[in-house]
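**Q** Please read through the structure below; I'll follow up with questions.
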Amino acid sequence: MKVTVVGAGAVGASCAEYIAMKDFCSEVVLVDIKEGFAEGKAMDLMQTASLNGFDTKITGTTGDYSKTAGSHVAVITSGIPRKPGMTREELIGINAGIVKDVTANLVKHSPEVIIIVVSNPMDTMAYLVHKTSGLPKHKIIGMGGALDSARFQYRLAEALEAPISDVNGMVIAAHSDTGMLPLLSKATRNGVPVTEFLSDEQQKYVIEETKVGGATLTKLLGTSAWYAPGAAVSVMVQAIACDQKKMIPCSLMLEGEYGQNDICLGVPAIIGKNGIENIVNITLTADEQLKFAEAANAVREVNGDLKF
């Protein structure tokens, strides 16, 4: 099993680290456009191998995609954050150009690759990969739901004053502050609905704090988070590599599911060796259905800024 991670910044390096430490693949290749950056990150990570007890080989390359040939899974973290004074259209235009170029290079050298998209705006970048890569839809997965669900479970455990291993919860819809849909109706503590433990005020707090989870960290850190995104990616890659058939919420191309067509949105799916093995249809409340549709409309508006 060979895995490529494009973008050796904090998120990309975190992805590589978690994947390597779980020791389920033979090689991780880091790719970056900055001269020597990926090579340096790879060397630093390899020098932890004897300390952390893994045998995964980590290598780095400056833009040489021939080194990625034969990758089973590729993770795209490339892109820039929105800068002061930059319009949404400008940001999407720049990141779309980066993601499109990266995708073409990955598919050229690994035509059977499964791509996990992390770059933002994630649902729109996943949609772009669908429209430009030529890959079947089961081989293109957006990461957001796995990360958002982890943040939801963190806030639930906090409110419940419970160990996080007791808590189960899922976030679907869009990977954005306004489009995220934490499914409180399906969240449980050891099988018991969390609504039996939490007051209305606590429930509202959990939902709102989950939705601004990324923004909260950006305000505290001065940049985007990297540990949890890297861990979320590693869970998805391991599910594919080990054919775990795990149910993970992620951004997928919908063709009638949840009443939506021609759009990538977060929904639960079974993830295994073929990528998306099956999309899981769950029953939503009337309010959840409405919020899901609103999130879809917002993502479509952003998708409208794409130029293929």
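Any read-out appearing in this document is the output of simple, stated calculations on the displayed coordinates, not a laboratory observation. Predicted, not measured: the structure shown is a model, and the values here were computed from it. Cβ atoms come from the backbone with ideal geometry, glycine included; neighbour counts cover every protein chain shown.
**Q** Cβ neighbours within 10 Å, averaged per peptide: list 166-174, 206-214 in order, most packed at the top.
**A** Going from most to least packed, we get 166-174, 206-214.
**Q** Write out the trypsin sites (Lys or Arg not before Pro) in segment 238-277 meeting two conditions: DSSP loop, and at most 15 other Cβ atoms within 10 Å of their Cβ.
**A** Lys245, Lys273
**Q** Using a simple charge model, +1 on the beta-carbon of Lys and Arg, -1 on the beta-carbon of Asp and Glu, nothing else, what dipole does segment 81-178 show about its Cα centre, in debye to the nearest 20?
**A** Its charge dipole is roughly 440 debye.
**Q** Here is a follow-up. Relative to the Cα centre, what is the charge dipole magnitude of the chain, using +1 at the beta carbon of each Lys and Arg, -1 at the beta carbon of each Asp and Glu, and rounding to the nearest 20 debye?
**A** 560 debye
**Q** A further question on this structure: How far, in degrees from 0 to 90, does helix 88-109 lean away from the longest principal axis of the Cα atoms of the chain, to the nearest 10?
**A** That works out to roughly 50 degrees.
**Q** Based on the mean of other Cβ atoms within 10 Å per residue, sort peptides 54-66, 193-205 so the most packed one is first.
**A** Numbers: 54-66: 17.1, 193-205: 14.0.
With the highest mean Cβ count within 10 Å placed first, the list reads 54-66, 193-205.
**Q** Continuing with this model, one more query. For Thr62 and Lys34, calculate 0.36 nm times their separation in residues minus their Cα-Cα distance, and state this gained length in nm to one decimal.
**A** 9.4 nm
**Q** Collect residues whose amide H, placed 1.01 Å from N in the peptide plane, falls under 5 Å from the amide H of Lys246; neighbours closer than 5 in sequence don't count.
**A** Ile271
**Q** Let me ask something else. Comparing Leu51, Leu217, Leu91, which has the greatest mean-square fluctuation in the GNM of the chain with Cα pairs linked when under 10 Å apart?
**A** In this elastic network of the chain, the residue with the biggest mean-square fluctuation among Leu51, Leu217, Leu91 is Leu51.
**Q** Right, next: Using modelled amide H (1.01 Å from N, peptide plane; none on Pro or chain starts), what sits under 5 Å from the amide H of Lys57, excluding residues fewer than 5 places away?
**A** Sorted by chain and number, the residues that satisfy this are Glu27, Val28.
**Q** For an R0 of 30 angstrom, estimate the FRET efficiency from the Cβ-Cβ distance between Ala298 and Ile164 and round to the nearest 0.05.
**A** Efficiency, from the Cβ-Cβ distance: 0.50.
**Q** Let me ask another. How high is the relative contact order of the chain, in percent, counting Cα pairs under 8 Å that sit 6 or more residues apart? Provide the component values of the computation, followed by the final result.
**A** Values: 627 pairs, mean separation 53.9, N = 308.
This gives 17 percent for the chain.
**Q** If amide H atoms are built 1.01 Å from N in the plane of the peptide, which residues on other chains or at least 5 residues away come under 5 Å of the amide H of Val75?
**A** Amide H neighbours of Val75: Thr4, Val5, Val6, Ile116.
**Q** Using only Cα atoms and rounding to the nearest 10 degrees, what angle (0 to 90) does helix 200-211 make with the longest principal axis of the chain?
**A** 20 degrees
**Q** Hey, another quick one. Work out the length of the dipole vector of segment 22-154 about its Cα centre, built from +1 on the beta-carbon of each Lys and Arg and -1 on the beta-carbon of each Asp and Glu, and round it to the nearest 20 debye.
**A** My answer is approximately 360 debye.
**Q** Taking the chain as the reference, fit the longest principal axis to its C-alpha atoms, fit the long axis of helix 37-46 to the helix C-alpha atoms, and give the angle between the two in degrees, 0 to 90, nearest 10.
**A** Computed tilt is about 80 degrees.
**Q** Tell me what the chain gives for mean residue ellipticity at 222 nm when only DSSP H runs of n ≥ 4 count, each as -39,500 (n - 2.57), the sum divided by the residue total, rounded to 500 deg cm²/dmol.
**A** That comes out to -13500 deg cm²/dmol.
**Q** Net charge around Asn261, counting only other residues with Cβ within less than 15 Å of its Cβ (Lys, Arg = +1; Asp, Glu = -1)? Don't skip to the end; give the middle numbers.
**A** Numbers: positive: Lys131, Lys137, Arg300; negative: Asp123, Glu255, Glu257, Asp262.
Overall, the nearby charge balance is -1.
**Q** While we're on this one: Below 12 angstrom from the Cβ of Leu128, what's the summed charge of the other residues (Lys, Arg +1; Asp, Glu -1)?
**A** Neighbourhood net charge equals 0.
**Q** Please find the FRET efficiency linking Glu201 to Thr223, where r is the Cβ-Cβ separation and R0 is fixed at 25 Å, and quote it to the nearest 0.05.
**A** 0.20
**Q** Another question, then. Rounded to the nearest 5, what % of the DSSP beta bridges within the chain are antiparallel ones?
**A** Bridges in the chain that DSSP calls antiparallel: roughly 50 percent.
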